[in-house]
Amino acid sequence: MGPSLVKEFFRTLPSKFDAEAAEDLTAVYQFDLSGPQGGQYHVEIKDGACSVREGTHPEPHVTFSMSGDDCLAVLSGGLDGPSVFLSGRLQISGDFGMAMQLRALFPTVQ
């Protein structure tokens, strides 16, 4: 698995975004990924739209720090987010409630 897998995943995220679930949410989710699948990506939710960019955002609401492999597994449903968090392999900083909302915004991600 090359880094392109994570990049490709984030590139397709906006097409899986559920604008109705977002309602009037404004949020920036920062992903700091380590390891072979590593990289920095931020997902911005604003005005019922979702955009994804590479790099770091100056003021994210939530930051997820984990390995790129774990990130792919969690987002694709292969790993349970809460159990990865509890095992210490995922660090979440910022607005925890907003972090919990992330899954609902992308219901078709499997």
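Normalising by residue count, region 34-92 has a Cα convex hull of 100 Å³ per residue.
The string of couplings for region 26-36 from the Karplus curve (6.51, -1.76, 1.60, θ = phi - 60°) is 10, 8, 10, 9, 9, 10, 9, 10, 10, x, x Hz, one whole number per residue in order, with x for Gly and Pro. Within the listed set Asp69, Asp32, Asp80, the Gaussian network model of the chain (springs between alpha-carbon atoms below 10 Å) gives the highest mean-square fluctuation for Asp80.
Ellipticity at 222 nm from helices only: DSSP H runs of n ≥ 4 in the chain, each -39500 (n - 2.57), divided by the residue count, give -8500 deg cm²/dmol.
Relative to the longest principal axis of the Cα atoms of the chain, the long axis of helix 96-105 makes an angle of roughly 80 degrees. In the elastic network of the chain, a GNM with C-alpha springs shorter than 10 Å, the most mobile of Gly38, Gly68, Gly78 is Gly78.
Hey, fewest Cβ within 10 Å first, where do Thr56, Thr63 land in order?
Values: Thr56 13, Thr63 20.
Ranking Thr56, Thr63 by Cβ neighbours within 10 Å, fewest first, gives Thr56, Thr63.
With K and R counted +1 and D and E -1, the other residues having a Cβ less than 12 Å from that of Gln91 yield a net charge of -1. Along the charge dipole of the chain, Cβ charges K/R +1 and D/E -1, which of Gln101, Val74, Ser15 sits furthest on the positive end? Of Gln101, Val74, Ser15, it is Val74. Of all DSSP bridge pairs formed entirely within the chain, close to 75 percent run antiparallel.
Under the simplified labelling scheme, the Gln91-Lys46 pair shows an inter-label distance of 2.7 nm, with each label point 7 Å from Cα along Cα→Cβ. Charge tally for Ser65 (other residues, Cβ to Cβ under 11 Å; Lys, Arg +1; Asp, Glu -1): -1.
Among Val74, Val84, a tally of other beta-carbon atoms within 10 Å of each Cβ gives an order, fewest to most, of Val84, Val74.
Using C-alpha pairs below 8 Å separated by at least 6 residues, the relative contact order for region 4-103 is 25 percent.
When the Gaussian network model of the chain links Cα atoms closer than 10 Å, the mean-square fluctuations of Phe17, Phe64, Phe85 top out at Phe85. Shape analysis of the chain yields a ratio of the Cα radius of gyration to the Kirkwood radius, Rg/Rh, of 0.92.
Read the figures in this text as sums done on the coordinates, not as results from a lab. If you're wondering where the values come from, they're calculated on a predicted model, not measured in any experiment. A quick note on method: Cβ atoms are made from the backbone with ideal geometry, for glycine too, and the neighbour counts reach across all protein chains shown.
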